[in-house]
Every structure is written in C-alpha cells, then in structure tokens.
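As structure tokens, the structure follows; a few thoughts come after it.
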Number of protein chains: 4
Amino acid sequence: MGYIHFDQTKEFDLILLGRVAVDFNPVDYYMPLSESTTFKKYLGGSPGNIAVGMARLGKKIGFLGKVSDDQFGDFVTDYFNKEGIDTSHLTKCKKGEKIGLTFTEILSETESSILMYRDGIADLQLDVADIDEEYIQKSKAILISGTALAQSPSREAALKALALAKKNNVVVIFDIDYRPYNWKSQDEIGIYYSIVAKQSDVILGSREEFDLTEQLIEQGRTDEQTAKYFHSIGSKIVVIKHGKDGSTAYTNDGNNYSIKPFPVKLLKSFGGGDGYASAFLYGLFEGLEIIDCLELGSASAAMLVASHACSKDMPTVEALKGFITDSKKQYGEMIARV
Amino acid sequence: MGYIHFDQTKEFDLILLGRVAVDFNPVDYYMPLSESTTFKKYLGGSPGNIAVGMARLGKKIGFLGKVSDDQFGDFVTDYFNKEGIDTSHLTKCKKGEKIGLTFTEILSETESSILMYRDGIADLQLDVADIDEEYIQKSKAILISGTALAQSPSREAALKALALAKKNNVVVIFDIDYRPYNWKSQDEIGIYYSIVAKQSDVILGSREEFDLTEQLIEQGRTDEQTAKYFHSIGSKIVVIKHGKDGSTAYTNDGNNYSIKPFPVKLLKSFGGGDGYASAFLYGLFEGLEIIDCLELGSASAAMLVASHACSKDMPTVEALKGFITDSKKQYGEMIARV
Amino acid sequence: MGYIHFDQTKEFDLILLGRVAVDFNPVDYYMPLSESTTFKKYLGGSPGNIAVGMARLGKKIGFLGKVSDDQFGDFVTDYFNKEGIDTSHLTKCKKGEKIGLTFTEILSETESSILMYRDGIADLQLDVADIDEEYIQKSKAILISGTALAQSPSREAALKALALAKKNNVVVIFDIDYRPYNWKSQDEIGIYYSIVAKQSDVILGSREEFDLTEQLIEQGRTDEQTAKYFHSIGSKIVVIKHGKDGSTAYTNDGNNYSIKPFPVKLLKSFGGGDGYASAFLYGLFEGLEIIDCLELGSASAAMLVASHACSKDMPTVEALKGFITDSKKQYGEMIARV
Amino acid sequence: MGYIHFDQTKEFDLILLGRVAVDFNPVDYYMPLSESTTFKKYLGGSPGNIAVGMARLGKKIGFLGKVSDDQFGDFVTDYFNKEGIDTSHLTKCKKGEKIGLTFTEILSETESSILMYRDGIADLQLDVADIDEEYIQKSKAILISGTALAQSPSREAALKALALAKKNNVVVIFDIDYRPYNWKSQDEIGIYYSIVAKQSDVILGSREEFDLTEQLIEQGRTDEQTAKYFHSIGSKIVVIKHGKDGSTAYTNDGNNYSIKPFPVKLLKSFGGGDGYASAFLYGLFEGLEIIDCLELGSASAAMLVASHACSKDMPTVEALKGFITDSKKQYGEMIARV
C-alpha cells in the first residue's frame, strides 16, 4: 500500500478517456453470429465498462469522450447519468459520426469473436479542443485507454490529456487495451503505447500488450525485465496479465503479488478484463494492500464472464465481497491466491 | 397489359442493383429507440426486400451488389440463397467495408424513424468492374434503386448497368427510393435521378421523389405533366405514390389507373413500399392488367405494415391472394379500387 | 452555315466551364525536364486557353471556374481581366486548394510530355452552388470541357450547367479534352462523356476521344457512324480530329468538310488544339461557312505550335488572317484545304 | 568542445530525415509573385538544403526521405548524387504523390513570402516501413526536421527513427523548422515537438519555436529556463535563435555562447537558417569550440541571404573561411562575436 499518492482534495477519483460504445449480445447464443436472431443492447467499450464498474463500487467518476448525436448517444449518456458518472465532458459529434457498435458472437463458453463497427466512429473524434485542463485538475487520476491512441484526432487528445495530467501532478493510469482495429501498422502501436507507458504511474496489460509496447525499445523481455524497466523510468505499479494463468502486480519497491482466477461457470469469454480493472483500481483508491486489490479484480472478472452483459452486470461492493466470501467458503480461503 | 415487352427467353425475370442491409427492429417497441433493449435482426434495404418479395412470389431473381466480408455478409448471402435468389454477383468487399445497418424506432403505429449506419458502407462500394454485361443480358429487366446513385463508386456502377441494359434491350425499372443519407446536395439528386429516369421504362416514386427528379428540368409539375413528360421521352409506365391517399399508374397510351390502401391494423409505418413494388412488378411480369398489378401491390403493402419485419414477412402468391379475398369479403369488392 | 442558331440578344458569346491553370514552360528546352533550369509562367488549361484565344478574336467571353486564393489565383484572374474576359463567376477556393500546375517537357519539336499537379486542385472544386442559372441565360453558348467531368464536385457542377443550358435553350459545346488525370476508370470516362455528348450541339474531339465517349454505346465505330449517331439524337456539328492528318467537321445535313494542318516550323507539339478550338468557334459565332471556320482553326493551331506559350501567343483576327494570307502566298490557296 | 561524443567508426556523419522539395525562385524579383514571369528551379526544403550544405563542407551524408516518381524526383535524386549524398534510402512514392514545391515571392531585400504546394506531398509519405534500423546504426547522428512530424505517416516514420536512434546510441539532432503548413492544431505541434525535443541531444530553434515546443509543459519560459529544462532531461546543446539579434548556444555544463549576424548585402531574407545549421553542425562534427561552430554558422547564413538559391549556393569550407577572413579584415576580428 501507499505506492500511489492520491490527492484527497480532488472532486473526482478518476476521469476515463476513450471509447464508449454499444454492445449487441445475442440472446440465442452458442451459434454463429450470422444465425443469431435476437440481441440485447448494452453500454460497452472497455473504458465505458470500467467507468460503470467503478461507479457501482462507489467511486466518483468522470468520462472524457465523444458520442453520436442520435438515440444511441442518448442511450449511453443517459446510462452514465443514471450510474452517477459525470457526463459534463461527454460531448456529441457534430458531423454525423456514429457511436461504435460491437456485435458479439458467443460460440461456446470459451469461444467468442466480435464484429465491430469502428470506421469513422464517435469516440475516435475526441479532439485536443475537448481536453480541458481544469477538468483534469479536478481528478485524483486519469485513465487512458490504449484504443484512444489508435487514430487521430483521438490520439492527440489522449496525448494532450497525458501532458496536462503530468503538468498538474494527476496520477496517470494506462490500460493498454489492445484492439487490432484502426491501427495502421505494428510499428505505430509500439510508438504510441511506449510514449504513454513511459509516463504512466500504473500500467495494466497482458504479456502480448507489453510486447507490443516495448517492440522498439527491446524485444523479448520477461515480465520481471518489463516491470524493472518501467519502474526505472518512474512507473509505480505494473500489472501483467496471463489470462487463465492469473496475473501479477509488480511494485516499484521490488515486490510482486500474484492472483489466480476464481472458479466460475462461464457464460462467455469476454468482459472479465473490464471487471478486473474496475475492481483492482477501486482497491487502489481505497488504499488496500495490493494483494487485496488483485483479489477484488479477479473476483469481479469471474462475475463478469458468468454474465450476459459487460456494463450492466458490474457488481456493487456488497455483491463483490459476497462473491468472494461465498467462493472462499466453497473452495477455501486461498482459492485465488498463489 | 402489353405496355412492356419482356423477352421470355431470358434466364432471369429481374436483376436488382443496390442496397442490401441488416435491419434491427426493436422487440420492445412503441418507445424511443434509446430505451428499447431487445432487437430482432432481419435482412433489409429496399432493393433487398423487393428481391425477397418477388422471389416469394415465384419470380427468378438475381442481385447485383456488395456485402461485407463478415458474419453479416454471410447472413444476407445465406438468406438470399435460401429464398432462391441468385447471389453469383453479390460479392464481398475487400477493404473491410461493413454492411449497412438500420435500427428502427417504432414510436407508435404511425410514427417511426430510423438510425442508419451508412458511412463507408458495403453496398456503395459496388464498382464498374462488378457490372458484368453477360449477366445483365440474361435478364428480362433490371431494377435500379435510386440510393445506388448517392455516391461513387456505386453511382457509376449503376450508370454502367443502365448503359448496358439499354445497349442490350433489357427493360429498365427505376425505383427512386429517396433516402437523404449520402447525398451531398439537392442539385446532385436532381442530376442523377433525371439521368436514370429519362432512360427508364418503368419509374416508381412518390410525388416528392418526382419533384426531386425534375427539379432541374421544370419545377412544380402535376402528376399528369410528369407522366406526359417521361412518356414523351420513352417511358412506358410511371407510378406516382401519394401514401395513404393511394397511388396512380400512368401508361404511355394516355390511360391511368388508381388504387387505395387496404384497411389493416398497423404495427409500424414502414416496409409498405417494398411490398408494393414487389407485388406490382410481379403482376407486370405475369402480364396482368395494370389495375390488378396495383391491387396486388396495395395488398402486399398492407400486409407488410402489419408485420414486424420487411423481408421476412413478404407474402407468397397464395397468402397475397388470400389477403385480397379476405379483405374483399370483409369490406367489399372495390375496397382498394377507386 | 446556319447549323447553329445563336441568340443575338445575349450579353455573352460564350461562357466556358472548367480548368484554368498555370503553365511553366522551360526556357532551356529540347532537354529532359529534370535538367531544365529556367521556366516561363503562363496562364494555361485548355478552356482557359480557348477563353483567351476567343477574347483575342473579339468575342465576349465569361469563365465559370475556381482558382486558388493565392498569388497564382490572382495571376490568372488579372490575366483574364486584362484580356476582357468576364471573371464575375471565377471564384476563389476557400479551403486552401491550389491552382493546377503544368510543367512541360519539350524534348524536341515533336516530342513533349507534361508533369501535372492536379491532386485536390482548384478547378475540380467547382460546385453545383457555383452554377448560376441567370449567368448561363446571359450567354449564346456554353462550352463544357471534358476534364471538368473527371471528379466531383466539378462533375456535378458541369452536369448542372448542362441541364440549365438545355432548360434555357443555350447552345452546348462539348470539348472532350481527354486527360488521363483524375479519372478512376475507363468505364467512368465513357459514362460521363456520353451523358454530355448526347446533349451537345457541337462536339469536338479526336478519334480516340470519341472512342472513349462511345465505349458503352457501341465500339469500333467509324467517323461517319459516330457523326450519324450523334446527329440522330440532336447534335448539329461533330468535329473529329486526326492530328497531322487533319480534321473533319460533320454537319447534321449529311455534309462534311475537311482541313489539313498549315505548314509551319514547330517549336513544340502542344497548344495547337486550343488554338484550333478558339478560332473554329470564332468562325461559328461569326456565321462563317464551316470550311472557313476550319481554316481559321487550322491556322491558329499552326501559329500556336510555333510559339512558346499557349495562352499568351493566341492571335488576333488580324494576325490570324495575316498568317493565312502569307501561307497561301507561299504555298498556294488550297494549302490547308482538302 | 566534447559536449557530444560522435562514434568515429560509423560510415556516415549524419543522416537527415524529412523534407526535400523543389524551389522556384523568380528571376524578375522585387515585385509580387503574381507578376514575376520567369523562375529558376533549385533543390529545396530545409533538411535537403542542410544536407547539401554539409556535403559541400565535406561531411558524409545520407538522406531518409521520399520523392515523386517523376522528373522532379529524378532532379532531386540526381542533384544529391552529384553532391555525394547517399540516396540509397531516398525512395520514390508509388501512388503518384508529387514532390513539394515552393514558389518564392521576393518583394524586397527583407520582405518575402512563399506559396507552397504541400497537400498529399511526397516527403510526408515517408512510412515506418521505410525506416531501416541498419541504416540508422551506420550513422554518427540523425537529424529530424520538425516538418516531418506534421502529418502521418511521416510523423510515425520520424518517431520510429527517433526510437531506433535512442536504442542504438545514435546522436539525435532536432531542427524544429516550424512551418504552419499541414499541422491541424496548435496543441498538436506542442505534443509532437516536445516528444522529440525531450529525447534529443542537440536542439536548434527560434524562441517562437521553443515556445511552441513547451506550450503544454510550461508557458512563458526565458531562454535560460528553456535550456536548463532540456539539459535536465538529457539534452547536451540547446541553440536558440533570435534572427538579426543573433543566437546563443547553451551547453549542459551551464555555459552559453552567442553570435551575431555578419554584415552582408541582402538579396533575399530566407535561406540563412539552413546555411547556419549546416555550418554549425559541420563545426560540431569537426570537434570545434562551440563559439567557432557558431561563427561558421553565422557566416554561412550571411552568404546564403546574399545569394539567389538556398541549396545551389551553399559554400565549401574554403569559401566559408574566405568569407570569414574577408569580413574580419573589413569589419574587425570580433565582427560577429558578442
């Protein structure tokens, strides 16, 4: 604990920057998407889901983003408002850009794919003019989603937010959140991920995502080498995820803490990462021990992959703690701990 | 009868050129789209619906178009195949363009709106290279949808198909099908609609659509003046629609025939036009009297606005005739006739 | 004579629509362009040159076009003003588009090539909103240059001007002026050339240009077949050029008139066509016999290929007639006539 | 001396990345560009000029850039080859992009402006795929021109070259070279200039250019504060230019060295900066004292503003030293020194 200092005088715990979208998940799943006939509509997009997750856990959240000027833009804005998320800086696109859509194909408990509508899409229209220094100053931390870096003008908006956060001593959290969409080349990914990662206090990513981030710095690093490198240039906590093999948080005092997944009956194989991020960060803001942050993250991940939605099924603190208590009762105290 | 000569030696009755898309109609309707939570997925797009409608009525149909190279492209292609529509010239986009989407908002029986995803969309990628003279030669007629003219390269593909149809004495049917999307200016609409209308044997449109078509020729024409003008330059049948006030077919022998809507319990206010077009054209291909073609069209329109889908609920000949018989029994023989 | 009726009450003889550019011709020529070190700057672009040519011959000319909002746009506008050409409808681009540039490589008397800057260029920004019906009404005739059809929005601007000329009984002259730049496909060329050619009173082009125009109508036509076809749908005069083998004007009374080039010491191999067009059209407006129009055209062409510039060296009536008189004295009365 | 360590085992002294263009300077100057009639063609573009300048001074130079696949691309490549500059990584654009053009308006000795053709231009097409790690490894240093950062894909190519230079311990020189063209916003300039400046060993710029670079870090810094900041994060030499008031080099040992312009009869007011940069860097590579590097730079700047061209008139070592000797004879030893 105490790896990150959060300024308690700030109005917001966290302002997230990036993608908020609409998910259409099939009601008649475990079949190809082309054959599914009926779909449920949910708020989606990784930072959008994390925002909802953290708001459910009681944190004061703002969202810096762009939505469409239509009924789907209204849906997302209304949804955030109902969850108590500040939408004062969630503005509407003026040139008819549409909000991103994700149609999910759930072939089985462990196989899924997505069909995304992401060309000329609202979230990537976030512009440097939308980045308000006063707003960023009001928050303990900002979270930059790596997908925001995939295209201009959103890319420069994210880099401006990063610069202003650094200038104003606002904690920077980088969720690499790699999606192949919108990027033009592999090199481009390495260039922009590394620019942001090098200036972040907390970095969250899978091994593959850290490999992408470090491709032009040094290739083939181990998790330990990666963590050591980022700690050496200022990062406080580096979280490296290995899917069903669990994840490890490396802290800049040389320690590391590992967690495994909770056992759960899977409905689908996506959505876990957003649950993980929101509950882990909730723990950080609460000043919990790192291992307890990880346990919360892992529990929320488990709850999400057992649910149909990503945003709508984010747990409250009570539900999250209840799930952990129940799992420990059933499987033993150390069920997720290594 | 006899206004149009169809070459009976041809393999296809009709090849349609233009838009095929995916519709998402809310299951929880009569509320704003932002609040609807569950959606049914259907094949959509006006020429796509007409293709299905005419195939259901037993005509031999081909479709000249572009779909996405993803599960939704598969869905549409599979759907056409199941309906017996030739998809040999329905090809997949190679640069990741997505198929158009239409989310419908059904506020009440008579109020609806649509939220369209139509930027950089598959159907508008149809290219001159996709237009195969041999394929067009195989059909009695081609139908060009006005939406295909809204953007390049689809615009030039449609104009090439038109040129090749004229060169090969294939009947040209123009369904104006005005949608404000994708057009850059009012003048542009007038320019391209008039180029196609002037060379068409059959033109179908509302009064507003004919006004758009004639804006650079002469403004403020009556239906009679419009019909007379197009007959004077070669058109055989001009159908002008006036919504709930019915529609009139003007033939190039100076006659005209009018029809009214059949009484029906509305579920939604869209889809009727595609039912109308498919059944009216079916009648033409069968060589029926114009007034009987119109009655079939009006009946199909009524059946569609009473249904949830546009494509999926297209009637068979049996169902269509059954509906007419039932309506006449209930309301009298002349119920739709003027 | 009398093939075309010009309304003598009109303010302008001719309004030209299309390209006006800046030419840079090397002073140190007969070497590769890469090695030329010094260049003369001239007003250029086929319709721009024809405008200057006809103004020099005393005709009242207007120009419907777009230039850059910079010193080169000023140069062209000032140049037109000095020549007495109306520039009330020659407007400046608002988004920084630059005027087209042509760097000419003069390898020998008969070999040349051009390096064009034509991407995102001013003349192709002409928009339907720039086409003023009242302006077109004021002219006896409009000339549409085929290059204006190569891209939107200029393409639609030209088609709107065509529609308004037809609506207002203004004579339409189509100078096919084929340039491979900017066109996306061969089919596209055939589509748009034929739309304009079919509605034109006078068509000027080389055999290759007519082949492009007729490619989707019928391939492989002879000059006689081409002329007959266009006469049958309303054209009055069809001029087909065969370079150094001369050219022939086909009139809609079944006659034809041929002319050969005047002997001349070549400086360069381009610019002749614009001299030809301006002097031929001058003759038409003067009501001269077709063979005399052709002789004027051929003489002007000869004078241009013997000069360094295209626009700047356009002859006056006196100079043109002097050249013809001198040539006839030297080579005989029938020197250019067949 | 000794602020920068250059690895003497390397094949190249310097590889420059960025803009090479063609300049057209009027022969009939001291009048508006619209009225100038005759132009001389020169190789241009700031990094192109510096490359020629340093080659003339005997340094081994390479150029990483893109040119057009036409006679102007040939001209530039041939010119570099004749100057002994390595063009193995100066490649031709494949999609018809043209090389940038600069038409200069020389209104008087001290007033000038430029008309640039910079849309969709060759140098900005430099792509990450063009950046070859082995090539960068072969050089003592790379110079990144700030104009290369103005647009993608050149922006990412420059950032990749920067990353690979850092990875391989190649000295990084950043010539801010601010041009308003191509940039989308003021913030964007600050974002990308600062990313490169923060990682550079040598930074060259005017006060205005450093203000742009630091706008999102801290505004309103003095030259001393600017130098101190960049030294604190690793820069060795920061050169800040104040036009006719001279310039100062700040070294990371806390020293600074100032120079004034040499007196000279001006022909034009541009080109001096490229002379300055090439001769100053020549001095650095020679291991001269900083004040001597500055004197060379100032002398070359003076020679350039007295000449018609920028590239073609770059001096040799002999000419440069001769100019300094002559100036000192005429005006005194300390003529340029403060």
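Please enumerate the residues belonging to the stretch C:167-186 that are within 21 Å of C:S206 (Cβ to Cβ) and either more than 10 Å from chain B (Cβ to nearest Cβ) or open to solvent by less than 20 Å² (accessible area, probe 1.4 Å) (or both). Talk me through it step by step, then tell me what you get.
Within the stretch C:167-186, the subset within 21 Å of C:S206 (Cβ to Cβ) is C:172-183, C:185-186.
Once the filter is applied, which keeps residues that are within 21 Å of C:S206 (Cβ to Cβ) and either more than 10 Å from chain B (Cβ to nearest Cβ) or open to solvent by less than 20 Å² (accessible area, probe 1.4 Å) (or both), the stretch C:167-186 yields C:V172, C:I173, C:F174, C:D175, C:I176, C:D177, C:Y178, C:R179, C:P180, C:Y181, C:N182, C:W183.
Could you check, for the stretch D:53-71, whether at least one of its residues is free of Cβ contacts under 8 Å to residues at least 24 places away in the same chain and of a type in the set (D, E)? Looking for residues that are free of Cβ contacts under 8 Å to residues at least 24 places away in the same chain and of a type in the set (D, E), one finds none in the stretch D:53-71, hence no.
Name the residues in the stretch B:127-146 that are within 11 Å of another protein chain (Cβ to nearest Cβ) and within 27 Å of C:S154 (Cα to Cα), would you?
Going residue by residue through the stretch B:127-146, those that are within 11 Å of another protein chain (Cβ to nearest Cβ) are B:127-131, B:133.
Selection gives B:D127, B:V128, B:A129, B:D130, B:I131.
Of all the numbered requirements in (1) part of a strand (DSSP E or B); (2) more than 29 Å from D:F72 (Cα to Cα), C:E156 misses one, and that requirement is (1). The residues on offer are C:L159, C:L164, C:L149, C:L124, and the sole one that is modelled with pLDDT of 95 or more, under 20 Å from the mean Cα position of the chain (by Cα), at the interface with chain B (Cβ under 10 Å from one of its Cβ atoms) and under 28 Å from B:S154 (Cβ atoms) is C:L159.
Just a yes or no: is a residue in the stretch B:97-115 closer than 16 Å to B:P153 by Cβ, at pLDDT below 95 and away from chain C (no Cβ under 14 Å)?
Applying the first criterion (closer than 16 Å to B:P153 by Cβ) to the stretch B:97-115 yields B:97, B:100.
Of the ones still in play, those that are also at pLDDT below 95 are none.
For the stretch B:97-115, residues closer than 16 Å to B:P153 by Cβ, at pLDDT below 95 and away from chain C (no Cβ under 14 Å): absent.
Evaluated against (1) open to solvent by 20 Å² or more (accessible area, probe 1.4 Å); (2) over 16 Å from B:P47 (Cβ atoms); (3) of a type outside the set (S, T, Y); (4) modelled with pLDDT of 95 or more, B:G273 falls short on exactly one condition, (2). Consider C:A129 carefully, then state whether it is open to solvent by less than 20 Å² (accessible area, probe 1.4 Å) and either modelled with pLDDT under 95 or aliphatic (A, V, I, L, M) (or both). Spelling it out, it is not the case that C:A129 is open to solvent by less than 20 Å² (accessible area, probe 1.4 Å) and either modelled with pLDDT under 95 or aliphatic (A, V, I, L, M) (or both). Annotation: C:L101 fulfils all but one of (1) of a type outside the set (D, E); (2) in contact (Cβ under 8 Å) with a residue 60 or more places away in the chain; (3) surrounded by fewer than 19 Cβ atoms within 10 Å (Cβ to Cβ); the unmet one is (3).
Would you check if there is a residue in the stretch C:187-194 being in contact with a Lys or Arg (Cβ under 6 Å, 6 or more places away or on another chain) and open to solvent by 50 Å² or more (accessible area, probe 1.4 Å)? No. Regarding A:Y3, is this residue of a type outside the set (A, V, I, L, M) and either touching a Phe, Trp or Tyr at 6+ places or on another chain (Cβ under 9 Å) or within 14 Å of chain B (Cβ to nearest Cβ) (or both)? It is false that A:Y3 is of a type outside the set (A, V, I, L, M) and either touching a Phe, Trp or Tyr at 6+ places or on another chain (Cβ under 9 Å) or within 14 Å of chain B (Cβ to nearest Cβ) (or both).
Among the listed residues A:D78, A:D23, A:D86, A:D74, which satisfies the condition of being within 20 Å of the chain's Cα centre (by Cα) and within 14 Å of chain B (Cβ to nearest Cβ)? Working first, answer last.
Numbers: A:D78 fails: within 20 Å of the chain's Cα centre (by Cα); A:D86 fails: within 14 Å of chain B (Cβ to nearest Cβ); A:D74 fails: within 20 Å of the chain's Cα centre (by Cα).
When all the criteria are applied, what remains is A:D23.
For B:F280, state whether it is touching a residue at least 60 places away in the same chain (Cβ under 8 Å), of a type in the set (F, W, Y) and part of a helix (DSSP H, G or I).
Values: touching a residue at least 60 places away in the same chain (Cβ under 8 Å): yes; of a type in the set (F, W, Y): yes; part of a helix (DSSP H, G or I): yes.
Against the criterion (touching a residue at least 60 places away in the same chain (Cβ under 8 Å), of a type in the set (F, W, Y) and part of a helix (DSSP H, G or I)), B:F280 qualifies.
Of the listed requirements (1) on the phi > 0 side of the Ramachandran plot; (2) buried (at least 18 other Cβ atoms within 10 Å of the Cβ), B:G220 misses just one: (2).
Say whether the condition of being in contact with a His (Cβ under 9 Å, 6 or more places away or on another chain), among the aliphatic types (A, V, I, L, M), at pLDDT 95 or above and not in a loop (DSSP other than H, G, I, E, B) is met by at least one residue in the stretch C:1-15. Even if it seems obvious, please write down each step before you answer.
Start the filter on the stretch C:1-15 by keeping residues that are in contact with a His (Cβ under 9 Å, 6 or more places away or on another chain), which leaves C:15.
Then keep just the ones that are among the aliphatic types (A, V, I, L, M); that gives C:15.
Within this subset, residues satisfying the condition of being at pLDDT 95 or above are C:15.
Those left that are additionally not in a loop (DSSP other than H, G, I, E, B): C:15.
Yes, the conditions are met somewhere in the stretch C:1-15.
Being farther than 21 Å from C:L204 by Cβ, touching a residue at least 12 places away in the same chain (Cβ under 8 Å) and touching a helix residue (DSSP H, G or I) at 6+ places or on another chain (Cβ under 9 Å), is that true of even one residue in the stretch C:137-148? Yes - at least one qualifying residue is present in the stretch C:137-148.
So is C:S34 open to solvent by 10 Å² or more (accessible area, probe 1.4 Å), among the small types (G, A, S) and assigned to a loop (DSSP other than H, G, I, E, B) or not? Quick ask: steps written out before the conclusion?
Numbers: open to solvent by 10 Å² or more (accessible area, probe 1.4 Å): yes; among the small types (G, A, S): yes; assigned to a loop (DSSP other than H, G, I, E, B): yes.
So C:S34 fits the description; yes.
It is to be established whether one or more residues within the stretch C:294-301 are under 19 Å from the mean Cα position of the chain (by Cα), at negative phi and surrounded by fewer than 24 Cβ atoms within 10 Å (Cβ to Cβ). No - not one qualifying residue is present in the stretch C:294-301. Tallying residues that are under 26 Å from B:E111 (Cβ atoms), more than 18 Å from the chain's Cα centre (by Cα) and hydrophobic (A, V, I, L, M, F, W, C) within the stretch B:260-292 yields 4.
Note on the stretch D:171-209: residues that are touching a residue at least 60 places away in the same chain (Cβ under 8 Å) and hydrophobic (A, V, I, L, M, F, W, C) amount to 4.
From the list C:Q225, C:Q199, C:Q215, which one is more than 30 Å from C:F103 (Cβ to Cβ), under 18 Å from the mean Cα position of the chain (by Cα), modelled with pLDDT of 95 or more and open to solvent by 10 Å² or more (accessible area, probe 1.4 Å)? Spell out how you get there, then give the answer.
On the way: C:Q225 fails: under 18 Å from the mean Cα position of the chain (by Cα); C:Q215 fails: under 18 Å from the mean Cα position of the chain (by Cα).
Just one listed residue meets the conditions, C:Q199.
Scan the stretch D:167-186 for residues that are charged (D, E, K, R) and under 17 Å from the mean Cα position of the chain (by Cα) and the total you get is 3.
Against the condition in contact (Cβ under 8 Å) with a residue 60 or more places away in the chain and open to solvent by 40 Å² or more (accessible area, probe 1.4 Å), how does D:P315 come out, does it pass? Give the derivation first.
Numbers: in contact (Cβ under 8 Å) with a residue 60 or more places away in the chain: yes; open to solvent by 40 Å² or more (accessible area, probe 1.4 Å): no.
So D:P315 does not fit the description; no.
Of all the residues in the stretch C:45-69, those that are under 14 Å from C:V20 (Cα atoms) and surrounded by fewer than 22 Cβ atoms within 10 Å (Cβ to Cβ) number 1.
Give the residue, chosen from A:T110, A:T104, that is touching a Leu at 6+ places or on another chain (Cβ under 7 Å) and within 30 Å of A:P263 (Cβ to Cβ).
On the way: A:T104 fails: touching a Leu at 6+ places or on another chain (Cβ under 7 Å).
Among A:T110, A:T104, only A:T110 is touching a Leu at 6+ places or on another chain (Cβ under 7 Å) and within 30 Å of A:P263 (Cβ to Cβ).
A:L101 falls short on exactly one of the conditions (1) out of contact with any strand residue (DSSP E or B) (no Cβ under 6 Å at 6 or more places or on another chain); (2) closer than 15 Å to A:K41 by Cα, and that condition is (1).
The values are calculated or read from the model by the stated rules, or taken from the named source; none is laboratory data. All figures in this text were calculated on a predicted structure; none of them were measured in a lab. With ideal geometry, Cβ positions are generated from the backbone for all residues, glycine too; neighbour counts draw on all protein chains shown. These accessible areas exclude ligands, DNA and RNA; they are computed on the full protein's heavy atoms, side chains included. Shrake-Rupley method; radii C 1.70, N 1.55, O 1.52, S 1.80 Å.
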